[in-house]
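Asks: Structure provided below as structure tokens; questions to follow.
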Amino acid sequence: MLRALIIVASLSMPLIAPSAAAGADFETLHRAASEPSGWQSIGPAPPTISATVAADPKSHTIYIGSVGGGVIKSTDGGITFRSANNGLAGLTITGLAMSPTNPNVVYVNTQFDGFFKTVDGGAHWTGGDWGGLNLVMDLNNPNVMYGASGPFDYLLKTTDGGTTWSYAADGLGEALVFTIAIDPHDSSVIYAGSTGQGAFKSTNAGTTWKPINADSNVNAILVDPDDSNIVYVGSDRHGVLKSTNGGRSFVRIGSPRVTSILSLAKSGQTLFAGTATQGVSESIDGGRTWRNSQVSSGLGNALSVDSEGSVYVGTNFDGAFVRSVSDSDWRRLGWDLLKRCACQNGDAIAIDPSDHDHVLFTTNGGGLLATEDGGRHWHDGGTEGLTSNGPRGIAFDPRDPRRVYVGSIWGGGLFKSEDGGKHWQHRKFGPADITVYGVAVDPVDHSVYATTSNNGNGLWKSTDYGNTFTRIDRAPNAPAGVYLGLSGHTVTVDPHHHRTVYFPDSGDVAGLWRSQDAGNTWIQVDASDNFQSVTVDPTNSSVVYASVLGLGGYAVLKSIDGGATFLPKSVGLPAGEPANTGFLQVDPQRPSVLYLGTEASGLFKSTDAAETWFPINLGLGGDTHYDVSISGLVMDPESPDTLYAATAYHSVYKTSTGGR
């Protein structure tokens, strides 16, 4: 994500589904989401800024790319902004680079919607091949760019301005690369940081790579613009590391109060670190001591510096800021547009069982967001210790809702709170790059189950309130240390028979697995491919619903014998995918009434226990644009006509009329 003349590499935003909001702009999204309807947009806004800000002081041009709102542009040094999205197939901007010689030439990566280029300052965009997630430009040759792609293609390179891309990953193995830094004095020297497998260095412009001895989780890398021998690394939980010999060795030199570093930049003699909560810190002694810059209490996702030394930061929930070389104060950028764009990229959503106005919402790049009044107002829910910009599944302990658990992707582990989400503690287990996607809590004995969704890293369980975890995906009579290699997005505990647990595997050991001894052993009860989610009827444990990809398309399956056998129940449903979390909700007062969220076709309802389904999308994006990508769904159990839908592109929608 290299931008401007003095650049920072920062941790990419996590992964999301393809965009459904092609070419729209901030005004359209805000206006559509405000229309009265069955579903009401309730925020949160603004969107997260994960791509670095690009600025050209000579022409007073500034570009800001947001995850969900596309690109906005200023030509008056940040006084005013306008949307610049004409031609973009998607608005999930994960990487942005501007030519150092022509501010009208700009490139963006839009997650799965492709790589785009403008030569007229954003008036028109044209599409290109897939270019990864992050984007880093060789400022000595703007036609050369690198795309860090995480688990998708790992690392890509273009030498023709993005027309074609090729692999540049020889020696990286299967490292999940999310950050790249190019030596500004020698473009053949490149550094790459990964989740779980540390850092790498290339001395031949990415043709081959060798590992270097830095931290195992590297979120950000900065080559000192004044001395190429000095390289800074931003680690996860270990602060800032420094090399004075071109990366041959690193030492920990100091850290801001928050030791998880998301981005790095240097202006003059001041080193800046974007931290995972508490915004940005700065050091004037090479990183030995730090003080907070007082710019944000959230995530300092992306830092960059322009040719005159002004520093820019993109945050998860406070927008973007600039601090000029002649001013010690930060100035907000583009806030009039950003604050009206309810376009956070959502994942999971959960209601506090003890306070149904208290709702938690996890996002891609935006961290954990929370409301205490049913969605009228939102705030950053992770500022005290939740140091992940990619949290995933949420689980309240149903007997003690002060205890809350949140998973996290790409090595983030699991976070736990003992005060209802006010403060968080980090727990790591398993491999360094483990993704904890789904979480469930036993309603009787408080055990915590945590799923993983990469590399068959298994299912884990804690019996001490999430302090320690043990791997449990074992077949009956399996030898010690031999596991099934399960992986998936969700795990479900039967609310009435708590020793019965369901795990839908969507990895290499596909099918539905069930344990009847609290997770000690597992049996495959259905071998259908790509099970996604399971919901147990809260009034009758014999009735179990499951979603599965296969059988010619999207399917909801139903069991009336406690998960032993299943039959398809998909009349009225299109082909597609279920939501990742809470895909199906059962009305506990009227168990024949069901609600279903999908990632491709919006929301559906059944009033006959899944025999037939009909869409309930009124209000999702207004009359002219339906935001049909649902990533999470939750029902208020005391008022089951009230539901919250997390969406992939427009934050959260709420209905108090059962979607009518």
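Asks: Could you tell me whether any residue of the range 471-478 is buried (at least 24 other Cβ atoms within 10 Å of the Cβ), touching a residue at least 12 places away in the same chain (Cβ under 8 Å), within 19 Å of Gln585 (Cα to Cα) and not hydrophobic (A, V, I, L, M, F, W, C)?
Replies: Among the residues of the range 471-478, not one is buried (at least 24 other Cβ atoms within 10 Å of the Cβ), touching a residue at least 12 places away in the same chain (Cβ under 8 Å), within 19 Å of Gln585 (Cα to Cα) and not hydrophobic (A, V, I, L, M, F, W, C), which makes the answer no.
Asks: Ok, one more. For residues that are surrounded by fewer than 21 Cβ atoms within 10 Å (Cβ to Cβ) and either closer than 27 Å to Lys428 by Cβ or not assigned by TED's automatic domain parsing to the domain that holds Asn229 (or both), scanning just the range 166-196, find the one that is farthest from the chain's Cα centre (by Cα).
Replies: Gly171
Asks: Continuing with this model, one more query. Looking at the range 197-230, which of its residues are in a loop (DSSP other than H, G, I, E, B), in contact with a Pro (Cβ under 7 Å, 6 or more places away or on another chain) and crowded, with 20+ Cβ neighbours inside 10 Å?
Replies: Gly198
Asks: A follow-up question, please. State yes or no: is Val493 in the same structural domain as Ile409 (by TED's automatic domain parsing), within 27 Å of the chain's Cα centre (by Cα) and at pLDDT 95 or above?
Replies: In short, yes.
Asks: If you don't mind, there's one more thing I want to ask. Just to be sure I understand the filter: pairs with C-beta atoms under 9 Å, separated by 6 or more residues or on different chains, first member in the range 319-332 and in contact (Cβ under 8 Å) with a residue 24 or more places away in the chain and buried (at least 16 other Cβ atoms within 10 Å of the Cβ), second member assigned to a strand (DSSP E or B) and small (Gly, Ala, Ser). Which pairs pass?
Replies: Gly319/Ser66; Ala320/Ser66; Ala320/Ala302; Ala320/Gly314; Phe321/Gly314; Val322/Ala55; Arg323/Ser267
Asks: Out of Tyr644, Tyr653, Tyr649, which single residue is modelled with pLDDT under 90 and either assigned by TED's automatic domain parsing to the domain that holds Gly375 or within 24 Å of the chain's Cα centre (by Cα) (or both)?
Replies: Tyr649
Asks: Right, next: Specify the residue that is surrounded by the fewest Cβ atoms within 10 Å (Cβ to Cβ); the eligible residues are those in the range 492-540 that are small (Gly, Ala, Ser) and under 18 Å from Lys569 (Cα atoms).
Replies: If we take residues in the range 492-540 being small (Gly, Ala, Ser) and under 18 Å from Lys569 (Cα atoms), then Ala527 is surrounded by the fewest Cβ atoms within 10 Å (Cβ to Cβ).
Asks: Only one residue in Asn134, Asn143 is in contact with a Gly (Cβ under 8 Å, 6 or more places away or on another chain), buried (at least 17 other Cβ atoms within 10 Å of the Cβ) and either in a loop (DSSP other than H, G, I, E, B) or of a type in the set (S, T, N, Q) (or both), so which one is that?
Replies: It is Asn134.
Asks: Confirm whether Val359 is more than 19 Å from Ile72 (Cα to Cα) and either in the same structural domain as Arg82 (by TED's automatic domain parsing) or buried (at least 24 other Cβ atoms within 10 Å of the Cβ) (or both).
Replies: The answer is yes for Val359.
Asks: Please specify each residue of the range 99-115 satisfying the condition of being in a strand (DSSP E or B) and either modelled with pLDDT under 90 or outside the structural domain of Ala89 (by TED's automatic domain parsing) (or both).
Replies: Listed by number, the list is empty, since nothing qualifies.
Asks: Only one residue in Ser592, Ser601, Ser606, Ser631 is of a type in the set (Ser, Thr, Tyr), within 30 Å of Gly69 (Cα to Cα) and modelled with pLDDT of 90 or more. Which one?
Replies: Every option except Ser631 fails the conditions.
Asks: How many residues are closer than 17 Å to Thr48 by Cα, among the polar types (S, T, N, Q) and part of a strand (DSSP E or B) when one looks only at the range 632-659?
Replies: Final tally of qualifying residues: 1.
Asks: Quick one: in the range 556-589, of everything that is modelled with pLDDT of 90 or more and small (Gly, Ala, Ser), which residue is surrounded by the most Cβ atoms within 10 Å (Cβ to Cβ)?
Replies: Here the answer is Gly563.
Asks: For the range 438-468, what are the residues that are surrounded by fewer than 18 Cβ atoms within 10 Å (Cβ to Cβ) and of a type in the set (Val, Ile, Thr)?
Replies: Hits for the range 438-468 are Val444, Thr463, Thr468.
Asks: Across the range 50-72, what is the total count of residues that are assigned to a strand (DSSP E or B), surrounded by 23 or more Cβ atoms within 10 Å (Cβ to Cβ) and in contact with a Lys or Arg (Cβ under 9 Å, 6 or more places away or on another chain)?
Replies: Total meeting the criteria: 6.
Asks: Here is a follow-up. When you look at Ser408, is it more than 20 Å from Ser194 (Cβ to Cβ), surrounded by 22 or more Cβ atoms within 10 Å (Cβ to Cβ), among the polar types (S, T, N, Q) and in the same structural domain as Gln516 (by TED's automatic domain parsing), yes or no?
Replies: Spelling it out, it is not the case that Ser408 is more than 20 Å from Ser194 (Cβ to Cβ), surrounded by 22 or more Cβ atoms within 10 Å (Cβ to Cβ), among the polar types (S, T, N, Q) and in the same structural domain as Gln516 (by TED's automatic domain parsing).
Conditions tested, residue by residue: (1) of a type outside the set (D, E, K, R); (2) in contact with a Gly (Cβ under 7 Å, 6 or more places away or on another chain); (3) part of a loop (DSSP other than H, G, I, E, B).
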residue	(1), (2), (3)
Ile253	yes, yes, no
Leu264	yes, yes, no
Gly274	yes, yes, no
Asp285	no, no, yes
Val322	yes, yes, no
Val325	yes, yes, yes
Arg332	no, yes, no
Asp357	no, yes, no
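The values are calculated or read from the model by the stated rules, or taken from the named source; none is laboratory data. The structure presented is a predicted model; accordingly, all values stated were derived computationally and were not measured. Heads up, the Cβs are rebuilt from the backbone with ideal geometry, glycines too, and the neighbour counts pull from every protein chain shown.
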